[in-house]
Structure formats: C-alpha cells, structure tokens
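Structure first, then comments.
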Amino acid sequence: MALPPANPPVLSRRSLLLALGGTAAAGALAGCGVPAAYVAAGDRAAADRSAQDRRLTWANWPLYIDTDDSGRKRPTLDAFERRSGIAVDYVEEINDNDEFFGKISPSLMNHQPTDRDLIVISDWMCARFVRLGWVQEMDRARQSHVTRYLDPLLRSPAFDPGRKFTVPWQSGITGIAYNRRALGREIRHVSDLWAGDLKGRVTLLSGLDEAFALLMQGDGVDITRWTADDFHRMCDHVHKRVRDGHIRRFTGNDYIKDLSSGDVLACQAYSGDVIQLQADDPDIEFVVPEEGAELWSESLMIPNLAAHKTNAERLVDYYYEPEVAAELAAWVNYVCPVPAAQDVLASAKDEETAALAEDPLIFPDTAMRQRLAIARDIAPDERVEFARRWNGIVGL
C-alpha cells in the first residue's frame, strides 16, 4: 500500500472535544450505577447477519481518518471495502463523549440496538460502557493482527484487562507544551509550571478526565493506582494556584490559540495538537515530564445487539496491519498503537512521510515510553464527588 505524503488536517480532530464533564443524566447514571441498566453477558449479542449482509455502520469523530486531497475519499477505508467486499457506512457523528453517551444510552439501557456496529470513544468513557455491560467481547481468533501488533503499553488497561472489549484506534499523550524561545529555558517537570516567571501565563485543561493524571504525576503519584487522598491533595494545590493568579484559565483545546498568540507560555496539552502547531511554529515544544505523563486512547468497541459483529471485527483487525496503520498515522499524527508501522513509514519514498517515523510523538522512543502510564479510571462511586470538587475549582 503506497503511503501518501504527510498531510495533517488543518484542524485537529481532538480540538473538537469539549471535555467539560458529564451531563446531568450521564453523570447520574455513571455515578449511581443504575443496576437496571446493566446488561448481562448472555443478553448482549444479536443474530450476526455479517455473512449474508456484507456491510457495517461505523461511528467515529470528525477528522479522524485519512482522506485524499479532495477530502471526499478515505484511502484506507476504500481499500478495505475493495478487498473485503464489505460496504462501510462511515458516520462522523461523535463530537463529545458525553453527548454521544446521551445519544445512544437510551437504546443500550433498554436492550435495544443502536444501529451501529462499531464506535470510537475515549477510554475513560469506554470504561463506563464496559462496566454497564453495553459492549460485546471481540473474538480475537478473527483478529490476528490485533493480537500480534497491539502496543504492549496499551494491552491491559485497568478498566478492560486484556483488552477483551476495546481496541485502541489512536492514542496520545497529555503532557506540557511551551514556547521555548519566549520562555528562554526548558521545561522538564510539572513543577516547572509553577515558576514565578510563568505567573498568569499558564493554562490547564478544564475536563476532569483530561487533566487530573498529569497533575497527580507531578506530585509523584503512580496514576495506575491513585487514591482519593491523592486526588484531593492535587485539587488543593491547583486551587491555591488559582487563588494566587498563577493559572491564567482552564481551557478545552483553545489552549492552541493562546499558545500560538503568545498569551500563554506553557500549558497542559495533547501531543497530536502540538505536532500540528510545530509545523507553523518550531519554537513550540512538547514535553513528557520526568515524573511521567498520561498515555490515553480512543478505542473501538462493538455495542450490544450490533447486527454485523464479524464484519466489524474484520475491519478492526484490518487497521492493525502495519501498512494500514502507517498510512493512517501519516495522516492523523497521533500516537500509533501499532509500533510495527514505524518501519513501514521509515521506508517511505517521500522524505516528509519517512521523517514521521522518527517523531517521538507518533512513535515514542524507549526513554519516553518508560515515563508513560495509563491512569486508572474514575470509579462510579467517586465521580460525583470528584467532579463537584474539580468543577468548583475550574468554575464550571
């Protein structure tokens, strides 16, 4: 499969993520558990029509798959359709995790089909679906490429040990972005954000699930096993920085605008966004602090009562072929969950594309990988209390 020249989208897909916390309905459902909403394993599958009905419906985020210069064709997906004979109805309908949860949860909690065979949502929201029994276990016997090529760092998150129900679509890192030229020095630690010369020139992410892990890591916390005490200690510190005017504001992805304009010198940021910022401003740097940073994913899942489960499993496995994963990575510029794609990119004839193989924000090097961790998710019995505390600090 020929690799296209590197051509990242003008607008990051992740910049569409609002990430401002759950809606009242979603929060209540997740926080209370709502036993009546849980679906037992034996009640999750529908009759699979894949063999006689060679199609599937896939819900994804905007700007999260490779397109040609016209923006109308999707080369990797088109190739799958030609090879497999399976028609894919690709719907870019997910703009926010909670919004999408609200859209399909009435069907799932009432044991009704969602009319979608494959969905992509952030892992902290995947955890909610897995706990509620709203997704089906994938058949790894049909997914040899996933079994062979999935990044070891991503294989067993706390919410889905062994990745039975989820498969990462793309990953990323929540770290620190800063303007090295304007600041005049390096940032190497989370604590560097609190230096006096950065007062009023720092932003943090507003979403609880997006922000908390890196800030805990700055306190030396192992985010795979953090506690309520760790959380409240982190909140105490952030609240103090708000009161003394050190934190300029809390943001969604509009930190990109603040950093580009120079209004902000350092901020909590996503690795995929910074790759795109660096194309216009090479003084922008992204750092994985020495204390570590959070590795997150947005993952593929097959919802309950999906009518084309086998077709969906086949599509998931296709994207774990290293050649396909490389073509996708060259376009989206997030952390590739298929490390074997690095060698494919390195052999590309186009120099710009080949250079992506050396970008540690797409293929983290050994030193960076040792500092990355997947945070344990916020449990349902914690979420209401923690969201209330965090949102009070942020001003939501």
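You will find that of GLY272, GLY184, the residue that is surrounded by fewer than 22 Cβ atoms within 10 Å (Cβ to Cβ) and either more than 26 Å from the chain's Cα centre (by Cα) or small (Gly, Ala, Ser) (or both) is GLY184 and no other. In the stretch 195-203, the count of residues that are out of contact with any Leu (no Cβ under 6 Å at 6 or more places or on another chain), of a type in the set (Lys, Arg) and within 30 Å of ASN333 (Cα to Cα) is zero.
Checking the conditions here, which among ALA329, ALA387, ALA375 is part of a helix (DSSP H, G or I), under 16 Å from the mean Cα position of the chain (by Cα) and modelled with pLDDT of 95 or more? Please lay out each step first, then the result.
Details: ALA387 fails: under 16 Å from the mean Cα position of the chain (by Cα); ALA375 fails: part of a helix (DSSP H, G or I).
Sole residue among the options that is part of a helix (DSSP H, G or I), under 16 Å from the mean Cα position of the chain (by Cα) and modelled with pLDDT of 95 or more: ALA329.
Only one entry in LEU193, LEU214 is out of contact with any Ser or Thr (no Cβ under 8 Å at 6 or more places or on another chain), open to solvent by less than 30 Å² (accessible area, probe 1.4 Å), modelled with pLDDT of 95 or more and within 25 Å of SER171 (Cβ to Cβ), namely LEU193.
In the stretch 238-250, which residues are under 30 Å from GLN278 (Cβ atoms), open to solvent by less than 70 Å² (accessible area, probe 1.4 Å) and out of contact with any helix residue (DSSP H, G or I) (no Cβ under 7 Å at 6 or more places or on another chain)?
Step one: filter the stretch 238-250 for residues under 30 Å from GLN278 (Cβ atoms), giving 238, 241-242, 245-250.
Still in the list and also open to solvent by less than 70 Å² (accessible area, probe 1.4 Å): 238, 241-242, 245-247, 250.
GLY245, the sole residue that qualifies.
Selection of the stretch 317-357 for residues being closer than 14 Å to LEU154 by Cβ and touching a Pro at 6+ places or on another chain (Cβ under 7 Å) yields VAL335, PRO337, VAL338, ALA340, ALA341. Taken across the stretch 230-245, residues that are in a loop (DSSP other than H, G, I, E, B), closer than 15 Å to VAL394 by Cα and out of contact with any Gly (no Cβ under 8 Å at 6 or more places or on another chain) do occur, with at least one present.
So if I check each of SER84, SER70, which one is under 26 Å from TYR318 (Cα atoms), more than 24 Å from the chain's Cα centre (by Cα), open to solvent by less than 20 Å² (accessible area, probe 1.4 Å) and small (Gly, Ala, Ser)? Don't jump to the end; show me each part of the working.
Details: SER70 fails: open to solvent by less than 20 Å² (accessible area, probe 1.4 Å).
Sole residue among the options that is under 26 Å from TYR318 (Cα atoms), more than 24 Å from the chain's Cα centre (by Cα), open to solvent by less than 20 Å² (accessible area, probe 1.4 Å) and small (Gly, Ala, Ser): SER84.
Among the conditions (1) in contact with a helix residue (DSSP H, G or I) (Cβ under 7 Å, 6 or more places away or on another chain); (2) free of Cβ contacts under 8 Å to residues at least 24 places away in the same chain, ASP365 misses just one, which is (1).
Out of all the residues in the stretch 124-164, which are among the hydroxyl-bearing types (Ser, Thr, Tyr) and touching a Lys or Arg at 6+ places or on another chain (Cβ under 8 Å)? Reasoning before the result, please.
Filtering the stretch 124-164 for residues among the hydroxyl-bearing types (Ser, Thr, Tyr) gives 144, 147, 149, 156.
Result: THR147, SER156.
If the condition is being in contact (Cβ under 8 Å) with a residue 40 or more places away in the chain and more than 24 Å from TRP61 (Cα to Cα), then the stretch 328-344 contributes ALA340, VAL344. Only one entry in PHE129, PHE159, PHE212, PHE165 is aromatic (Phe, Trp, Tyr), part of a helix (DSSP H, G or I) and over 26 Å from ILE284 (Cα atoms), namely PHE129.
The values are calculated or read from the model by the stated rules, or taken from the named source; none is laboratory data. Given the structure is predicted, the values throughout are model-derived calculations rather than measurements. All Cβ positions, glycine included, derive from the backbone under ideal geometry; neighbour counts span all protein chains shown. Each accessible area value is taken on the protein alone, full model and side chains, heavy atoms only, with ligands, DNA and RNA left out. Shrake-Rupley method; radii C 1.70, N 1.55, O 1.52, S 1.80 Å.
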